[in-house]
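First comes the structure, then the notes that go with it.
The values are calculated or read from the model by the stated rules, or taken from the named source; none is laboratory data. Keep in mind the model is a prediction, meaning the values are calculated, not measured. FYI the Cβ positions are ideal-geometry reconstructions off the backbone, even for glycines, and counts take in every protein chain you see. Protein only, heavy atoms only, side chains kept; ligands, DNA and RNA dropped before computing areas. Shrake-Rupley method; radii C 1.70, N 1.55, O 1.52, S 1.80 Å.
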Amino acid sequence: MCVFCNIIKGEIPSEKVFEDDDCIIIKDINPKAKIHLLLIPKVHYALLNEQTELDAITLGKLLQKFSLMAGDFGLSGGFRVIINQGRDGGQEVGHLHVHILGGAQLRGF
Ligand code: 5GP
Ligand code: ZN
């Protein structure tokens, strides 16, 4: 079982900041910004292009829901969303997840 599935099941500890039926949001263990969260859908897909249409819609809804709660996580000034997809995207964990970065102004992209 993959590392994020184990985190979702509570078998690997994590700093969880949010959970609902569809996702958990945890602090990244190796933060690349002052605030670095990982939004992890509970359904295991390795890659974006493996998702069903319904789960793709759910992911969009999760992002919209997160944007409405961003202030609760210290991100009222804004944030950056990144999905690393596959080898060339630099994906290390094969369970689709969304990086959310912020907490201070990020360098230009
Ligand atoms: P990827 O490169 O796959 O998009 O990003 C994987 C991210 O997961 C990395 O930023 C890495 O620091 C984070 N990560 C890997 N293992 C763990 C873990 O066990 N706990 C937490 N909280 N983050 C992890
Ligand atoms: Zn998984």
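ILE26 is checked against (1) within 12 Å of ligand 1 (Cβ to nearest atom); (2) over 15 Å from the mean Cα position of the chain (by Cα) and fails just one. What number does that condition carry?
Condition not satisfied by ILE26: (2).
Looking at the stretch 49-77, which of its residues are assigned to a helix (DSSP H, G or I) and β-branched (Val, Ile, Thr)?
Here is the first cut: in the stretch 49-77, the residues assigned to a helix (DSSP H, G or I) are 49-50, 53-73.
Once the filter is applied, which keeps residues that are assigned to a helix (DSSP H, G or I) and β-branched (Val, Ile, Thr), the stretch 49-77 yields ILE57, THR58.
What residue, of LEU68, LEU54, LEU63, LEU75, is in contact with a Gly (Cβ under 6 Å, 6 or more places away or on another chain) and either more than 16 Å from ligand 1 (Cβ to nearest atom) or without any contact (Cβ under 8 Å) to a residue 40 or more places away in the chain (or both)? Steps first, answer last, please.
Values: LEU68 fails: in contact with a Gly (Cβ under 6 Å, 6 or more places away or on another chain); LEU54 fails: in contact with a Gly (Cβ under 6 Å, 6 or more places away or on another chain); LEU63 fails: in contact with a Gly (Cβ under 6 Å, 6 or more places away or on another chain).
One residue alone meets the criteria, LEU75.
I'm checking my understanding of the structure. Among residues of the stretch 29-43 that are within 13 Å of the chain's Cα centre (by Cα) and touching a residue at least 24 places away in the same chain (Cβ under 8 Å), which one is farthest from ligand 1 (Cβ to nearest atom)?
Going through the qualifying residues, I end up with LYS42.
Within the set of pairs 6+ apart or on separate chains, which have a first residue in the stretch 3-23 that is open to solvent by 80 Å² or more (accessible area, probe 1.4 Å) and charged (D, E, K, R), a second that is within 11 Å of ligand 1 (Cβ to nearest atom) and not in a loop (DSSP other than H, G, I, E, B), and C-beta atoms under 6 Å apart?
GLU15/ILE26; GLU15/LYS27; LYS16/ILE24; LYS16/ILE26
Which of the following residues is in a loop (DSSP other than H, G, I, E, B), farther than 16 Å from CYS2 by Cα and open to solvent by less than 70 Å² (accessible area, probe 1.4 Å): LEU101, LEU106, LEU96?
Working: LEU101 fails: in a loop (DSSP other than H, G, I, E, B); LEU96 fails: farther than 16 Å from CYS2 by Cα.
The match here is LEU106.
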